[in-house]
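The values are calculated or read from the model by the stated rules, or taken from the named source; none is laboratory data. Predicted model, so just to flag it, every value in this text is computed and none were measured. Every residue, glycine as well, gets a Cβ built from its backbone with ideal geometry; the counts of neighbours run over all protein chains shown.
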Amino acid sequence: MQLWGLPPALREPIRFHHMPADAPTYGTEAAVAYMADRLSHRYGFGCEATPDEALLDDAVCGSIGVTEEWLAEMDGKAQPLFDVIVKGLH
């Protein structure tokens with residue numbers, strides 16, 4: 001990432017997206033990247049979908065404001081939004 005010239009504000013969250021609490025400077029950004037990773041697995045974006053019933057039990061959810069209501073809204077919007085994006089790429 002450094003060779004590509006990405007700034008630390010991008011490198012650190014990407015590097016720590018599996019362990020956002022260990023990010024020395026950009027912890028909130030790493031937590032958002034972590035949640036994006038969990039959601040991509042939940043919805044099967046770029047991988048096989050895997051149910052994630054324990055998502056709301058994850059402390060990272062609470063730290064960035066993910067609520068049951070927000071997650072329910074995303075569950076309804078994620079696939080249609082993804083379909084629009086994929087359609088736009090073709």
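Quick one: would you say THR50 is hydroxyl-bearing (Ser, Thr, Tyr) and within 22 Å of PRO13 (Cα to Cα)? The answer is no for THR50.
The set of residues in segment 77-90 being surrounded by 10 or more Cβ atoms within 10 Å (Cβ to Cβ) and either in a loop (DSSP other than H, G, I, E, B) or among the small types (Gly, Ala, Ser) (or both) consists of ALA78 alone. Looking at ALA21, is it surrounded by 13 or more Cβ atoms within 10 Å (Cβ to Cβ) and either of a type in the set (Lys, Arg) or in a helix (DSSP H, G or I) (or both)? No; evaluated as a whole, the condition is false for this residue.
Just to be sure before I move on: is ALA30 out of contact with any Lys or Arg (no Cβ under 6 Å at 6 or more places or on another chain), surrounded by 13 or more Cβ atoms within 10 Å (Cβ to Cβ), among the aliphatic types (A, V, I, L, M) and modelled with pLDDT of 90 or more in the structure I sent? So ALA30 passes the test. Considering only segment 50-68, how many residues are exposed (fewer than 14 other Cβ atoms within 10 Å of the Cβ) and of a type outside the set (A, V, I, L, M)? Matching residues across segment 50-68 total 8.
Between residues in segment 60-73 that are in contact (Cβ under 8 Å) with a residue 12 or more places away in the chain and residues that are outside any helix (DSSP H, G or I), which pairs lie under 9 Å by C-beta distance while being six or more apart or on different chains? From residues that are in contact (Cβ under 8 Å) with a residue 12 or more places away in the chain, the pairs are VAL60/VAL66; CYS61/THR67; VAL66/ASP58.
Test LEU71 against the criterion of being of a type outside the set (Gly, Ala, Ser), outside any helix (DSSP H, G or I) and surrounded by 12 or more Cβ atoms within 10 Å (Cβ to Cβ), and give yes or no. So LEU71 fails the test.
Any residue at all in segment 23-34 that's closer than 26 Å to VAL86 by Cβ and of a type in the set (Ser, Thr, Tyr)? Looking for residues that are closer than 26 Å to VAL86 by Cβ and of a type in the set (Ser, Thr, Tyr), one finds at least one in segment 23-34, hence yes.
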